[in-house]
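Before any comments, here is the structure.
The values are calculated or read from the model by the stated rules, or taken from the named source; none is laboratory data. As the structure is a prediction and not an experimental result, all values here were calculated from the model. A quick note on method: Cβ atoms are made from the backbone with ideal geometry, for glycine too, and the neighbour counts reach across all protein chains shown.
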C-alpha cells in the first residue's frame, strides 16, 4: 500500500509541475506578444543619396501612422513618423494607405563598414512602456572617405 501512495504523490507532483510549466509558457508568450507585437511590417534600404528609406505599416491598425527610429552602428540617429508617399507599397498590396514611407539622411560617418537598423516604436499605452520592433533586416553598407555610402554589403 505504501508504494501506491508514493506513486500517487509522484503523479500529483508531476501534474503540478506540468501545470506550472504550461502557465509559465503561456505567460512568456503573452509577454512577448504584448511587448513586441508581430503586426509591424516594413522594409528599408540605404540609397545612393546617403539616406535610409523605406516603409512601415501596423497591420493591426492599417490607417495609423507608425513611428520609426533609425540606429546606425547601434547608436540612435533619428526619430520620425512614416508618412511619406509610397504608392508602390500600396499598389503591391502591402499597405492600404500609400502614405507609409520614411526617409532618414545618414549622418557623416567614418570610412568603412557600417550597419543601420530601422525600428517601429510601439507604445501600448503608458509613456514609460515603449518597445522597438525591427523592420526588415539589418542594413549593411560601406562608406568612402567622404563619409557617404559607396556600396551596400550583403
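Any residue at all in the stretch 122-130 that is modelled with pLDDT of 90 or more and in contact with a strand residue (DSSP E or B) (Cβ under 8 Å, 6 or more places away or on another chain)? Full working, then the answer.
Step one: filter the stretch 122-130 for residues modelled with pLDDT of 90 or more, giving none.
The answer is no, given that none of the residues of the stretch 122-130 is modelled with pLDDT of 90 or more and in contact with a strand residue (DSSP E or B) (Cβ under 8 Å, 6 or more places away or on another chain).
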Scan the stretch 49-59 residue by residue and report those that are surrounded by fewer than 24 Cβ atoms within 10 Å (Cβ to Cβ) and touching a strand residue (DSSP E or B) at 6+ places or on another chain (Cβ under 7 Å).
50, 51, 53, 58, 59
Would you say residue 62 is out of contact with any strand residue (DSSP E or B) (no Cβ under 9 Å at 6 or more places or on another chain) and farther than 17 Å from residue 136 by Cα?
yes
Considering 82, 120, 116, 95, which residue is closer than 18 Å to residue 40 by Cβ and in contact with a helix residue (DSSP H, G or I) (Cβ under 7 Å, 6 or more places away or on another chain)?
95
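Any idea which residue in the stretch 12-44 is nearest to residue 78 (Cα to Cα), counting only those that are surrounded by 15 or more Cβ atoms within 10 Å (Cβ to Cβ) and at pLDDT 80 or above?
The first filter runs over the stretch 12-44 and keeps only residues surrounded by 15 or more Cβ atoms within 10 Å (Cβ to Cβ), leaving 37, 40-44.
Okay, now just the ones that are also at pLDDT 80 or above, so 40-44.
Details: 40: 19, 41: 19, 42: 17, 43: 17, 44: 14 Å.
Among those residues, the one meeting the criterion is 44.
Of all residues in the stretch 73-97 being surrounded by fewer than 20 Cβ atoms within 10 Å (Cβ to Cβ) and in contact (Cβ under 8 Å) with a residue 40 or more places away in the chain, which is farthest from residue 114 (Cα to Cα)?
Step one: of the stretch 73-97, the residues surrounded by fewer than 20 Cβ atoms within 10 Å (Cβ to Cβ) are 73-81, 83-85, 87-88, 90-94, 96-97.
Checking the rest, the ones that are also in contact (Cβ under 8 Å) with a residue 40 or more places away in the chain come to 73-74, 79, 94, 97.
Working: 73: 6, 74: 10, 79: 19, 94: 29, 97: 32 Å.
Here the residue is 97.
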